[in-house]
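> Dropping a structure here in structure tokens format, bear with me for questions.
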Amino acid sequence: MAQTPEYNNRMICVDDEKDIVQAYVDFLAPAPTSTPKRSSRGGGTTPTAPTASEYELLRAYSGEEALKLVKTELAAGRRIAGGFFDVKMDGGIDGIQTIQEIWKIDPEFHCTIVTAYQDRSVQDINQLFGPRFKDQWDYLNKPFTQGEILQKARQMTAAWNRKRSLEDALAHLKAAQAQL
């Protein structure tokens, strides 16, 4: 009998602001104890009940660090379903360039671009990424809410896992046809 592929809940959060990366962690992989949730909108915190971590999160504070991390994970046989990327980051490459470089080594990766600046329109980004990746990226403005981040994470991991399941089912079907 065919083995069901393991569900991939691995995400990467890339932002040069440590507080923003911590907000992703608080939203997507909360500590198992009752901890306050941070908001990127500033202001107070909201206490929450204890929960199990829904996502395994990797953190990077630059495009270069993100690329190195993705390459290391792939070399170890650990795929990352998707990630959140700030556009403008200090240093070398920006978030959009980072995504393009990741797609060169893992073209099935999903992402959400998260920016406080509207210097690049969704149409411009769509042209940069091209038709090959049109259903593998999304866009979100800062400041964001916990609900927005949770929903984007669910969409990215579900899309990534759905494609793997379909590919697995197709491979099993082809194998069964070959046996017949």
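The values are calculated or read from the model by the stated rules, or taken from the named source; none is laboratory data. None of these values were measured; they are calculated from a predicted model. FYI the Cβ positions are ideal-geometry reconstructions off the backbone, even for glycines, and counts take in every protein chain you see. Note: areas computed on protein heavy atoms with side chains; ligands, DNA, RNA excluded. Shrake-Rupley method; radii C 1.70, N 1.55, O 1.52, S 1.80 Å.
> If you go through region 136-161 one residue at a time, how many are in contact (Cβ under 8 Å) with a residue 40 or more places away in the chain and in contact with a Leu (Cβ under 8 Å, 6 or more places away or on another chain)?
Of the residues in that region, 4 qualify.
For (1) closer than 24 Å to residue 59 by Cα; (2) out of contact with any helix residue (DSSP H, G or I) (no Cβ under 9 Å at 6 or more places or on another chain), each residue gets a yes or a no:
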| site | (1), (2) |
| --- | --- |
| 109 | yes, no |
| 119 | no, yes |
| 128 | no, no |
| 131 | no, yes |
| 144 | yes, no |
| 157 | yes, yes |
| 169 | no, yes |
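> Looking only at region 119-171, count every residue that is over 26 Å from residue 7 (Cα atoms) and acidic (Asp, Glu) and tell me the total. Please lay out each step first, then the result.
Start the filter on region 119-171 by keeping residues that are over 26 Å from residue 7 (Cα atoms), which leaves 119-131, 141-144.
From what is left, the residues that are acidic (Asp, Glu) are 119, 124.
Going through region 119-171 one residue at a time, the tally reaches 2.
> I'd like the residue in region 53-101 that is more than 23 Å from residue 116 (Cβ to Cβ) and polar (S, T, N, Q) and, out of all such residues, is modelled with the highest pLDDT.
72
> Show the residue pairs meeting these rules: Cβ distance below 9 Å; 6+ apart or different chains; first residue within region 90-105 and at positive phi; second residue open to solvent by less than 30 Å² (accessible area, probe 1.4 Å).
Hits for this filter: 91/62; 91/63.
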